[in-house]
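Inspection log for the structure reproduced underneath, given as structure tokens.
The values are calculated or read from the model by the stated rules, or taken from the named source; none is laboratory data. As the structure is a prediction and not an experimental result, all values here were calculated from the model. A quick note on method: Cβ atoms are made from the backbone with ideal geometry, for glycine too, and the neighbour counts reach across all protein chains shown. Each accessible area value is taken on the protein alone, full model and side chains, heavy atoms only, with ligands, DNA and RNA left out. Shrake-Rupley method; radii C 1.70, N 1.55, O 1.52, S 1.80 Å.
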Amino acid sequence: MPDLDVVNLCIIAGGTLAIPILAFLASFLLWPSALIKVYYWYWRRTLGLQVGYADCGGYRFCYSYRGKPGMRPSILMLHGFSAHKDTWLTVVKYLPKHLHIMCVDMPGHEGTTRTNIDDYSIQGQVKRIHQFVETIRLNRKQFHLVGTGMGGNVAGVYAACYPSEICSMTLICPDGQSTKFDNHVQDLEHSNYTLNIPLIPTTPEEMEDMFKLCSHVRFKIPQQILQGLVDVREPHNTFYQEVFMEIVGEKSRYALQDHLHLITTPLQVIWGKQDQVVDVSGAAVIAETLPECRVDLLENCGHSVVMERPSRTARLILEFIILQQNARSGTKKAT
């Protein structure tokens, strides 16, 4: 009888373990998009991030946050085109837990309100982000602003428009300038084949091509996960096309470049040398106008800096924040 009890116990234990394993395999094979959402939820939870909402006049912003305002400046992070707040998880992982960090879904993206009448030009997005900052009262104290790609464009224009709110800023491969990629952008703007925009994939094969375009490092991603990523993005592709045409249009195409001379905030630029989306020559364009800015060019890295070099990116951002804070402290002591 004891032997039989042991066998039964093993069967029960095996069955208990089999259930989550089978559930995982079923999700992986049949519902990869659901698995991706669970993955982000679990990662946020592991890193201690919470999701919050800020409502203002019928408009809702969705954001994740960790920590509380303290000695170091708060950090507000703006993601790129067609991405979401969880883009920053790879970088947040390497930032000290005592820092106050906020990652907001850009206008119309993920959990932030999307309307047909909203202005998704760079200037329109800047106004919305300022609305978010005021709603959560982040500007009670100067904060550090970080933006990548489209978010970098928005961050730069934001700093030009609201200089008193920003103590320092990091732009990662920002668009909004005249670079070698600009000719390709103009071709897309005047093309009727907007469905072929490489940053808006509609099949697993196109998703893989997008990763190859955005990343110098080659990630081997299973077909099921690629399909899941397509499934997650597919319902939003019409919106992404609208936003894309707005940010490459005449009003926004050179928004950052047109506002560079108005930026007085200490600036750090991080760029992947092998960026195929926004050419690294953009770093020289910024440095020419703002010669005191700090430029960090990363070897063997493409446009997706936060995915390819998360640890290095976090370290560079933190070093720059501390450097600027020490410089301000030294100035105060001197006076």
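At 0.36 nm per residue, minus the direct Cα-Cα distance, what do Gln123 and Thr202 gain on full extension? Give it in nm, one decimal, please.
Gain on extension, Gln123 to Thr202, equals 25.6 nm.
Restricting attention to the range 259-335, which trypsin sites (Lys or Arg not before Pro) occupy a DSSP loop and are surrounded by at most 10 other Cβ atoms within 10 Å?
Passing sites in the range 259-335 do not exist.
Tell me which GluC sites (Glu not before Pro) from the range 267-300 have a DSSP coil assignment and no more than 15 other beta carbons within 10 Å of their own.
The qualifying sites are Glu292, Glu299.
Please sort by residue number the trypsin sites (Lys or Arg not before Pro) in the range 70-115 whose DSSP state is loop and whose Cβ has at most 12 other Cβ atoms within 10 Å.
Here the trypsin sites (Lys or Arg not before Pro) that fit, given the DSSP loop and packing criteria, are Lys97.
Hey, any idea what % of the range 57-183's accessible area is carbon plus sulfur with a 1.4 Å probe?
For the range 57-183, the apolar C and S fraction of the accessible surface comes to 49 percent.
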